[in-house]
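*Asks:* Okay, handing you the structure first.
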There are 2 protein chains.
Amino acid sequence: MATRSRNLIQLSDGVCCAPLQSSPLEEDEAAELAMLFAALGDPVRLRLLSLIAAHDEVCSCDLEEPLGKSQPTVSHHTKALADAGLIIGEKRGRWMFWRVVPDRLAALRAALG
Amino acid sequence: MATRSRNLIQLSDGVCCAPLQSSPLEEDEAAELAMLFAALGDPVRLRLLSLIAAHDEVCSCDLEEPLGKSQPTVSHHTKALADAGLIIGEKRGRWMFWRVVPDRLAALRAALG
DNA sequence: CGAATATATCGACGAATGTCAATAGATGGA
DNA sequence: TCCATCTATTGACATTCGTCGATATATTCG
């Protein structure tokens, strides 16, 4: 019943996707969604995301130790999640503080049905 | 407020994960979840999944053409999704019919918050 | 049985990915 | 200004991944 033009899930740049069940994804919609799921498809990034989500705001400097990864690796993963729009960073002084973007997680949830 | 022992999301083999926001993921929980998200992190697999989800049941033979991929590639992706428990297959005669596993999608949705 | 068809597996290939050491860039304090 | 510190980038490496042709396996039909 839901047509392609109803219950659309808003993703970053451009309109994207009804829930998976309602109709087959177009190629560009699938590419957009896949990029987001791929960002969650790594255990280090998932733990990183949950560390940020558990608090309101987390500094990059407080992520290396709980993740057990080097500073460049942490930076690599925060960049990946930020590129996906799942977290957003704010630089204050020498420190980089990260927050989750709840709408983005909600959009993924919606895409799953 | 939610402790680790409440609102747990049941994944395949073993207990797994409260929602991302409630507490940082353990390594094994993150590995389990990441495997699932990685399965969704490919545009071909997402389109494949949405093709199956849009109908009740889809034969492998009806996937090659809409996906524009070779038969081995389609088989590769159905196997990946099946290994992740997101679809389940039933062989009838020469044909393999695939259905989505709604609980599995619901579990992922729950893990996102 | 033998031919035809649907699916799975194998092998190979290029591309993408996760990791870290080394280095560069930015910021604040002495 | 100079140094210490936090973050980002670069380069290199091994590993994984997506893809397809070729082949193997399974099943139905004559």
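The values are calculated or read from the model by the stated rules, or taken from the named source; none is laboratory data. Computed from a predicted model, the values in this text were never measured in an experiment. Using ideal geometry, Cβ is built from the backbone for each residue, glycine included, and neighbour counts are taken over all protein chains shown.
*Asks:* Kindly evaluate A:GLY113 against the criterion of being more than 12 Å from the chain's Cα centre (by Cα), surrounded by fewer than 21 Cβ atoms within 10 Å (Cβ to Cβ) and assigned to a strand (DSSP E or B).
*Replies:* So A:GLY113 does not fit the description; no.
*Asks:* Filter region B:25-57 down to the residues that are more than 7 Å from chain A (Cβ to nearest Cβ) and among the hydrophobic types (A, V, I, L, M, F, W, C) and list them by number.
*Replies:* Matches in region B:25-57: B:MET35, B:LEU36, B:ALA39, B:VAL44, B:LEU48, B:ILE52.
*Asks:* Pairs, please: C-beta under 9 Å, at least 6 apart or cross-chain, first residue at positive phi and in region B:65-92, second outside any helix (DSSP H, G or I)?
*Replies:* B:GLY85/B:LEU11; B:GLY85/B:SER12; B:GLY85/B:VAL101
*Asks:* While we're on this one: When you look at B:ALA18, is it within 12 Å of chain A (Cβ to nearest Cβ) and in a helix (DSSP H, G or I), yes or no?
*Replies:* no
*Asks:* I would also like to ask the following. Report yes if A:SER75 is surrounded by 15 or more Cβ atoms within 10 Å (Cβ to Cβ), out of contact with any strand residue (DSSP E or B) (no Cβ under 6 Å at 6 or more places or on another chain) and either away from chain B (no Cβ under 12 Å) or in a strand (DSSP E or B) (or both), otherwise no.
*Replies:* yes
*Asks:* Does region B:62-70 contain at least one residue that is in contact with a helix residue (DSSP H, G or I) (Cβ under 9 Å, 6 or more places away or on another chain), near DNA strand C (Cβ under 8 Å from one of its atoms) and closer than 21 Å to B:LEU36 by Cα?
*Replies:* no
*Asks:* If a residue must be near DNA strand D (Cβ under 7 Å from one of its atoms), of a type in the set (D, E, K, R) and either closer than 21 Å to B:ALA30 by Cβ or touching a residue at least 12 places away in the same chain (Cβ under 8 Å) (or both), how many such residues does region A:93-108 contain?
*Replies:* 0
*Asks:* Name the residues in region B:78-103 that are in a helix (DSSP H, G or I) and either at pLDDT below 95 or surrounded by fewer than 21 Cβ atoms within 10 Å (Cβ to Cβ) (or both), would you?
*Replies:* Passing the criteria: B:LYS79, B:ALA80, B:ALA82, B:ASP83, B:PRO102, B:ASP103.
*Asks:* Right, another one. For A:ASP62, are the conditions met, namely being modelled with pLDDT under 95, surrounded by fewer than 22 Cβ atoms within 10 Å (Cβ to Cβ) and out of contact with any Asp or Glu (no Cβ under 7 Å at 6 or more places or on another chain)?
*Replies:* So A:ASP62 does not fit the description; no.
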